Every structure is written in structure tokens, then in C-alpha cells.
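J.: Got a structure for you, questions after.
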Amino acid sequence: MGKMVPATEFKAKCLALIDEMQRSGEPLTVTRRGKAAVTLLAQQPGPLSIDSIFGCMKGTATIVGDLDSPLDPDWEEKWLASWDEQMRDDPQ
């Protein structure tokens, strides 16, 4: 069941109670007028931690072609023309 504390004690000692809960791993139940109001659980590290996220996709992508030049050499002119057309249609 874990530790039960009244709301007033939780308010006064919040950080210390959370630290204790994380160390012990037991849930902490906050009560109001003797009835359970909320139960806090210490977060357990799951299968994906920060260490396993970074680099997990290493070796799964292949670079094909030249990264310095765009696929369509006229992309900038087309984009500028599109932008000019949008500005003509929507003058503010």
C-alpha cells in the first residue's frame, strides 16, 4: 500500500516526501480528511532511456547523391514565383 500522509503534511514536506518515495520505490498516498485523494508512484526507467534513444538509428540510412546541390536546380526560382503569386493574391 505504501506510505499515507495527510495533505497538510504533504504540502509542508513535499520535496522530502517525493525524494523518500523515489528512494524506496513505494507509492505515496496523500489523504484529505482521512480518505485517499491521490497516489503518487515513482517513475521507473522504461526500455527507452535517453542513453538508448541517441544513436539508435545509426546505420539505418543511406545517403544517395550530392547533398550540396538540390534535386531540382530551379527550385529557388519556382519557390520565389510561388511566393510572389501568394503575395499578389493576399495583399495585406
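The values are calculated or read from the model by the stated rules, or taken from the named source; none is laboratory data. Not measured: the values here are computed from a predicted model. What goes into the accessible areas is simple: the full protein's heavy atoms, side chains included, and nothing from ligands, DNA or RNA. Shrake-Rupley method; radii C 1.70, N 1.55, O 1.52, S 1.80 Å.
J.: If the reach is capped at under 20 angstrom between alpha carbons, list the aspartates and glutamates near LYS3, excluding any in the same chain fewer than eight residues apart.
T.: ASP19, GLU20, GLU26
J.: Find how much the distance from THR31 to VAL5 grows on full extension, using 0.36 nm per residue of separation minus their present alpha carbon separation; answer in nm with one decimal. Mind showing how you got there, number by number?
T.: Numbers: separation 26, 0.36 × 26 = 9.36 nm, distance 0.60 nm.
Gain in length upon complete extension: 8.8 nm.
J.: Sticking with this structure for a sec: Give the accessible area for ILE63 in Å² (nearest 10); use a 1.4 Å probe, count only protein heavy atoms, and leave out ligands, DNA and RNA.
T.: Answer for ILE63: close to 120 Å² accessible.
J.: Leaving out ligands, DNA and RNA but keeping every protein chain, what accessible area does THR8 have, in Å² rounded to the nearest 10, with a 1.4 Å probe?
T.: 110 Å²
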